[in-house]
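The values are calculated or read from the model by the stated rules, or taken from the named source; none is laboratory data. Since we're looking at a predicted model, the values are computed, not measured. A quick note on method: Cβ atoms are made from the backbone with ideal geometry, for glycine too, and the neighbour counts reach across all protein chains shown.
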C-alpha cells in the first residue's frame, strides 16, 4: 500500500526531471548553432551558395548594372547577347538587366558603395552605402528574395582613381595595396547585401602614364587582377576590357577619348558575356566574336536583332 500511495509522487518527480532535462537541452546551443551564430555576419556565409550558382541555367537571373556615363551603353548590347544565347527575348528571357548607370562624375564615387579606412582604426576598412545604391541595387535584391541578383560594374575602384592616392604603375606597391583593401571591402559589402555574384571589370582604356596630371586612368587594373587571383568564387573578374579598348582606341572611343563608341560598348559587352560563360564552364559561341568584328567594321551595325 505504501508503494502504491507514493506512486503518483514518484511519477511526478520523474516527469519534472524529464522536463528539466528538456529545458536544459533547449537552452544550451549545439555546436552547429554556435557555428551558425559565429559565421552569419561574415561575407562567406552569405555568399557561399553562389559558388555553384550557374548564370545560364535557364532559371531566372536579375542583373543590377551600375557605373558612370562610360558604362551606360554596354548593358543593352549584353542583353541582346542574352537574347541570342537563350533563344528568348523580351520578358521571356530568363536573364534580365536593370541598368542603373547614370551620367556625371561618378568616377570619384566608386559604385555607390564607398570604402575607406576607419577613423577609429585605420587598419580596418569600412563601407558606406549611398542613398542611390539603396534605392536601386539594394532595392532590386530586397524586392526579389527568391531570384538571384547578379551585380555587375565597371570603373569603380575608388582609391585608384583619386589624384593624391592614385596608382602610378605596376610597381607602385603602396597604392596598389590601398586599392586592394578598398576592393576587398567593396566586394564583401556587395555580397553581404545579398548579391549572388559580383561581376567587375576595370575601366576601359583612358590614358597611359603620359600625362602626370591625368587622374582618371586605368592603373586600378593591377589591383583588380590581384584580388581576382585570391579565388573568391562569388567574384567574377572581367578580363580584357582595357586591353581591347586600348588596342582599338581610335574606333572604340569617341573624340573625347573617354566615352565608348558603339564598337567600344560591343567590346565591353563581349568581355562581360565571355566572363559569365567561363564562370559556368561553357563554350563561347563563335557568333560573339563575329558580332564584335561586324561592329568594328561598321559602327552603326546591329549584328543581330531578336
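Condition check ((1) surrounded by 12 or more Cβ atoms within 10 Å (Cβ to Cβ); (2) modelled with pLDDT of 90 or more; (3) within 18 Å of the chain's Cα centre (by Cα); (4) not in a strand (DSSP E or B)) across all residues:
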residue	(1), (2), (3), (4)
79	yes, yes, yes, yes
83	yes, yes, no, yes
88	yes, yes, no, yes
98	yes, yes, yes, no
103	no, no, no, yes
119	no, yes, no, yes
133	yes, yes, yes, yes
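Can you say whether residue 237 is touching a helix residue (DSSP H, G or I) at 6+ places or on another chain (Cβ under 7 Å), modelled with pLDDT under 95, under 18 Å from residue 63 (Cβ atoms) and surrounded by fewer than 23 Cβ atoms within 10 Å (Cβ to Cβ), as far as the supplied structure shows?
yes
I'm checking my understanding of the structure. Among residues of the stretch 247-263 that are out of contact with any strand residue (DSSP E or B) (no Cβ under 7 Å at 6 or more places or on another chain) and assigned to a helix (DSSP H, G or I), which one is surrounded by the fewest Cβ atoms within 10 Å (Cβ to Cβ)?
Taking the candidates together, the pick is 250.
Please go through the stretch 227-246 and pick out each residue that is in contact (Cβ under 8 Å) with a residue 40 or more places away in the chain and not in a loop (DSSP other than H, G, I, E, B).
Answer for the stretch 227-246, where residues must be in contact (Cβ under 8 Å) with a residue 40 or more places away in the chain and not in a loop (DSSP other than H, G, I, E, B): 227, 235, 236, 241, 242, 245, 246.
Considering only residues that are closer than 20 Å to residue 249 by Cα, free of Cβ contacts under 8 Å to residues at least 24 places away in the same chain and surrounded by fewer than 15 Cβ atoms within 10 Å (Cβ to Cβ), which ones fall in the stretch 264-300?
Passing the criteria: 289, 290, 293, 297, 298.
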